[in-house]
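The values are calculated or read from the model by the stated rules, or taken from the named source; none is laboratory data. The model shown is predicted, which means the values in this text are computed figures rather than measured ones. In this analysis, Cβ positions are derived from the backbone assuming ideal geometry, glycine residues included, and neighbour counts consider all displayed protein chains.
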Amino acid sequence: MELDIISNLFSALQNAELSRKRDCLIAPTSKLMGNVLRLLQKEGYLGEFEFIDDGRGGKFRIQLLGRVNRCGPIKPRFPVRRSEILDWAKMFLPARDIGVLVISTPKGLMTHEQCIESNTGGVLLGYVY
């Protein structure tokens, strides 16, 4: 039984990218996972993805573009204020303007740059670069 679906998502993406696969199949799914995938697709790290309903929680088939060098969850899910976001980015990202932190906010999922622009904080979910 898998307890942390977001952690499974990031580890499956990392393993598929390291083995240079063109697509990745991830099961089970959740709405949060779909929102994370949509955010990563909008940032240009992933290609198209589709939901496959198998009657047991569903699956996501994700097209990989080869742009993910490293990704992972941030555990525990630390709460972060707007003023602390750049400090967290320094800890998890390799350099400025490279990669994104995925943050769950009251306004929905956002990258760390979008959180700074909208002046909001939230909970850290993961990082991708």
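Observations
- Subset tally (residues that are touching a Leu at 6+ places or on another chain (Cβ under 7 Å), of a type outside the set (Val, Ile, Thr), touching a residue at least 60 places away in the same chain (Cβ under 8 Å) and surrounded by 18 or more Cβ atoms within 10 Å (Cβ to Cβ)) for the range 114-129: 0
- Single residue of the range 39-55 satisfying the filter (within 24 Å of Ile103 (Cβ to Cβ) and among the aliphatic types (A, V, I, L, M)) that is surrounded by the most Cβ atoms within 10 Å (Cβ to Cβ): Leu40
The rows are residues; the columns are (1) closer than 28 Å to Gly121 by Cβ; (2) crowded, with 16+ Cβ neighbours inside 10 Å.
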| residue | (1), (2) |
| --- | --- |
| Ile5 | yes, yes |
| Arg20 | no, no |
| Ile26 | no, yes |
| Leu37 | yes, yes |
| Ala89 | yes, yes |
| Ala95 | yes, no |
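- Of all residue pairs spaced 6 or more apart or on separate chains, those with beta-carbon atoms under 6 Å, a first member in the range 6-33 that is in the same structural domain as Ile52 (by TED's automatic domain parsing) and a second member that is among the small types (Gly, Ala, Ser) and outside any helix (DSSP H, G or I) are Phe10/Gly72; Phe10/Gly126; Pro28/Gly57; Thr29/Gly58.
- 1 or more residues under 23 Å from Ala27 (Cβ atoms), free of Cβ contacts under 8 Å to residues at least 40 places away in the same chain and of a type in the set (Lys, Arg): qualifying strands (runs of 3 or more DSSP E) within the range 53-113: 59-64
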